[in-house]
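The block underneath contains the structure these notes are about, expressed in structure tokens.
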Amino acid sequence: MTTAAANQDDAAQADQTTSGEPILRVLGLHKAFGDQQVLRGIDLDIPTGQITVIIGGSGSGKSVLIKHLVALLRPDRGEVRFHGRNLFDMSDLELLEARKHFGMLFQNAALFDSMSVYDNVAFPLREHLKLSKAAERERVMAALQELKVDYAELKFPSELSGGMRKRVALARATILRPQILIYDEPTTGLDPVMITQVDDMIAETQERLQVTSVVISHDMASTFRIAHRIAMLHEGQIVEVGSPAVFKASSNPVVRRFIFVSGTGPLQAATAPPAAATAPPGAA
Ligand SMILES: Nc1ncnc2c1ncn2[C@@H]1O[C@H](COP(=O)(O)OP(=O)(O)O)[C@@H](O)[C@H]1O
Ligand SMILES: [Mg+2]
């Protein structure tokens, strides 16, 4: 082996150990429905303990992609490695075990309507752990308190506001202390004040639990507010991946167009220099 090749090997190894293994690695993922090729070779690392936001236009395949991350869909080709192991090589039992480490929040915060808030949040505990009633209560109430909805323990989902429902859904998704939390468009359809609250809730939860978070979004203001890392899906591939700074400075026309089109409202406030954003009209 030449010295240069040896050095490259060392460098690759050093990089892997210093930056930490990504908790999830997506490799060459392909998925078609009939003639429609939705994913055309997705490669993406999800770094441990960070918030990764996946952006892309409506119908670009964001939900299809994250359903592969939790093996709700099987790819035609490619792998999703969780701690280095391909989910699609696992036995049913191994997959069941792996899934315990994933929490998922679907777009409409699907709670069980016939169950109280308390029972909704206790549900995963009862499914997976055998806790005493006292231990269960302690854990459920702690989760509700963290998300400031403990006063609603006896209410039913239909009695809650949209924001409270999101909080209860998050309490339920985190009650088993997952390693990875996945949110599918958590702010779609919310008003601007609530969008900010849900963004804060995602960021606070990531910090408090040190949980790797994957958020699907098509809202650039939200994305820039919470992301440590952004990946853009377009025509079945990841066309750009990097920090928010990388995205703001991107010269990729697809990325620029997406930021521009989805940024006609709050994006300007999010990216404009602070002086311009805070000055009242005509102040200059
Ligand atoms: N189970 C399915 N069967 C057939 N087509 C699907 C299925 N799920 C998604 N699709 C198609 O895949 C494309 C991407 O969908 P989706 O991932 O939901 O987009 P989005 O980026 O808006 O989340 C869409 O054209 C959708 O109709
Ligand atoms: Mg979707």
Once amide hydrogens are built 1.01 Å from N within the peptide plane, the residues lying 5 or more places from Val38 or on another chain with amide H under 5 Å from its amide H are Lys31, Ala32, Phe33
From the backbone phi of region 244-250, what are the Karplus-calculated ³J(HN,Hα) couplings (6.51 cos²θ - 1.76 cosθ + 1.60, θ = phi - 60°) in whole Hz, Gly and Pro given as x? x, 4, 4, 5, 4, 9, 4
Net +/- balance of residues flanking Arg256 in space, Cβ distance below 14 Å, scoring K and R +1, D and E -1: +1
Output the peptides 208-217, 222-231 sorted from most to least packed, where packing is the average of other Cβ atoms within 10 Å over each peptide's residues. 222-231, 208-217
Sum up the charges of everything whose Cβ sits under 13 Å from the Cβ of Leu69, counting Lys and Arg as +1 and Asp and Glu as -1, but leave Leu69 out. +4
How would you rank 28-34, 178-184, 168-174, highest first, on the average number of other Cβ atoms within 10 Å across their residues? 168-174, 178-184, 28-34
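Read the figures in this text as sums done on the coordinates, not as results from a lab. What you see is a predicted model; the values in this text were computed from it and never measured. Backbone-built Cβ (ideal geometry, glycine too); neighbour counts: all protein chains shown.
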